[in-house]
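Enquirer: Please see the structure below; I have some questions.
No lab work stands behind these numbers, since they all come straight from the coordinates. In this text the structure is predicted, and so the values were computed from the model without any measurement. Heads up, the Cβs are rebuilt from the backbone with ideal geometry, glycines too, and the neighbour counts pull from every protein chain shown.
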Amino acid sequence: MVSRVIPVDPFDLVIFGGTGDLARRKIFPGLFRRFCSGQMQEEARIIGAARSEMDDAGFREMIADAIREFGGGRACEDGTLEAFLNHVFYEQVDAMGTGGWEALKGRLRSGYVRAFYFSVGPSLFGALAERLRTFGLADDESRVVVEKPFGHDLATARALNKALAEHFDETQIYRIDHYLGKETVQNLMAVRFGNVLFEPLWNAQYVDHIQITVAETVGVGGRGEYYDKSGAMRDMVQNHLMQLLCLIAMEPPARFEPDAVRDEKLKVIRALEPVKPHHIVRGQYDADGDAPSYREDAGDTRSTTESFIAMKCHVSNWRWAGTPIYLRTGKKLRARASEIAVVFKDAPHSIFPEDAGRHRNILTIRLQPNEGMELGVTIKEPGPGGMRLLDVPLDMSFAEALGPDAEEAPDAYERLIMDVIRGNQTLFMRGDEVEAAWAWTDPIIEGWQARGEVPKPYDVGSSGPDDSLMLLHRDGRKWRDIRA
Ligand code: BG6
């Protein structure tokens, strides 16, 4: 397969929080891989900015270690890493004060794409935006990239939007939800809108229900303090699962363009019905032998924050009326497995005898691991013995289908950063989208608080609390197994 890497325009990219965890784990290794693929031009410049005192050489050392640890691969060994580091610089900057801004400005060149990545807590967004303008680092062409969490609720998200809007136009703001950068998530749009096969069936008339599962095996150890204030609802549902739901449920946009796509996603969020309390199950993982419980990880023996959530949602519009969308996500579950399953209805009439069995078509879109799609179709069980039906998958693992020479899919972060440089906002959340998502989430969380609800304990390595199974059983349905 021929490589289709198209170099992006030369750029100056400033990463605030350049010494932080995200920068070291994701941003720099991602940029390095794009460099290796030939997507970054010679003039590209990446400037880490943070509080610590450090020079370029010290920072380059830190970044080299991070890349070796978090994903440089073979390219680190053959001199490519050194070549990459020549593009990396450092400036000590006081985000809340005046120190370092003039020096940082001196690092920027005119005539290049200019982007500022706020890889810092949201409490600094406003101060950074203001200083970028005051010290003349940013102009009307510059871009700013902001990370989640984008707010803690509707009020804080609104305040962040307002603080950014005082200095930048919406077309300059790139709100990251890294799920939108995942290869299969974009494939979802390709499958839905690039094929004639699925779209006519993609509605309540033919779809019985949809399941979206994002299961993780990791716990919250190490980030308990942040997580305990968020829980699965704020950490995963309000953003990542909501985005998946939007892409599954939205109407076809007129064009694959930022606002056309985001307008359709927004309509889905606004069409979401409030969720009834008995349609939500919250869970918290228990201790497992010597491994700590959620409460121990969170450092609060009485914490009522959920590390698991399952819920039944309804998109109230013509396309989806009566077809539930079940969401489920949690930590320390049986396997790391994320998938979307579209479960179609039974054939309207069976011509086969009762004992042939009844089967359903299920389209499964696997996000991770083993990205791919599987369409379950019903066939006759081979051999003699009459007409018995059997489900077999029309399986398509992308890795297998595209062959060993296929370009390795960029990780979500590297793809999204390159989109920032290209100036393409399609895979970024617009301010109104984020606010609409919080407007739907807030009353749910307030309800728990008002009722003093406590999450149900669940075993590490399980599929979550039993009540989550009941949520579907009550409807005569069943969750798909969580397996890697
Ligand atoms: C992050 C959440 O946004 O996404 C984490 O804060 C979660 O809690 C992570 O583990 C999952 O991302 P991925 O790409 O590993 O599925």
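Enquirer: May I have the pair-distance distribution P(r) for the chain, computed from all Cα-Cα distances with 10 Å bins from 0 and rounded to whole percent?
Expert: 4, 18, 27, 26, 17, 6, 2, 1, 0
Enquirer: Using a 7 Å offset from the Cα along the Cα-to-Cβ direction at both residue 9 and residue 183, what is the distance between the two label points in nm, to one decimal?
Expert: 2.9
Enquirer: What relative contact order, as a whole-number percentage, does the chain give when Cα pairs under 8 Å and 6 or more residues apart are counted?
Expert: 18
Enquirer: How would 338, 303, 110, 316 line up from fewest to most surrounding beta-carbon atoms within 10 angstrom?
Expert: In order of increasing Cβ crowding within 10 Å: 110, 316, 303, 338.
Enquirer: Hey, another quick one. Give me the lysines in straight-line cross-link reach of residue 26: C-alpha distance below 17 Å, same-chain residues under 8 apart excluded.
Expert: 148, 182
Enquirer: From the helices alone, meaning DSSP H stretches of at least four residues, give me the mean residue ellipticity at 222 nm for the chain, per-run term -39500 (n - 2.57), in deg cm²/dmol to the nearest 500.
Expert: Calculated from helices alone, the mean residue ellipticity at 222 nm is -9500 deg cm²/dmol.
Enquirer: Here is a follow-up. Taking trypsin sites (Lys or Arg not before Pro) that fall in a DSSP loop and have at most 13 other Cβ atoms within 10 Å as cut points, what is the longest piece of the chain between them?
Expert: Within the chain, the longest run free of exposed trypsin sites (Lys or Arg not before Pro) spans 110-254.
Enquirer: Dipole size in debye (nearest 20) for the chain around its Cα centre, Lys and Arg Cβ +1, Asp and Glu Cβ -1?
Expert: Its charge dipole is roughly 1060 debye.
Enquirer: If each of residue 82 and residue 291 carries a label point 7 Å out from its Cα toward its Cβ, how far apart are those two points in nm?
Expert: It is 4.3 nm.
Enquirer: Right, something else. Can you tell me the orientation of helix 412-422 relative to the chain, as the angle in degrees between its alpha-carbon axis and the longest Cα principal axis, to the nearest 10?
Expert: Relative to the chain, helix 412-422 is tipped by roughly 60 degrees.
Enquirer: Using the Cβ atoms and a cut-off under 11 Å, what net charge is assigned to the surroundings of residue 216, where Lys and Arg are +1 and Asp and Glu are -1? It would help to have the intermediate numbers written out before the result.
Expert: Details: positive: 331, 332, 334, 336; negative: 235.
Here the charged neighbours net out to +3.
Enquirer: Starting from the coordinates of the alpha-carbon atoms of the range 286-419, obtain the Kirkwood hydrodynamic radius over all distinct pairs and give the value in Å to one decimal. Could you put the intermediate results ahead of the total?
Expert: Details: mean 1/r = 0.0510 Å⁻¹.
Answer for the range 286-419: a Kirkwood hydrodynamic radius of 19.6 Å.
Enquirer: Straight distance only, please: which aspartates and glutamates reach the Cα of residue 312 with their own Cα at less than 19 Å, same-chain residues fewer than 8 apart left out?
Expert: List returned: 208, 235, 273, 339, 442, 446, 453, 466, 467, 475, 481.
Enquirer: Further, regarding this structure: Charges only on Cβ, +1 for Lys and Arg, -1 for Asp and Glu: so what's the dipole of the range 365-484 about the Cα centre, in debye to the nearest 20?
Expert: 580
Enquirer: Which pairs break 25 Å Cα to Cα here: 332/456; 331/478; 267/478?
Expert: Table pairs above 25 Å Cα-Cα are 267/478.
Enquirer: With each pseudo-label sitting 7 Å past Cα toward Cβ, what's the residue 401-residue 70 distance in nm, one decimal?
Expert: Roughly 3.1 nm, to one decimal.
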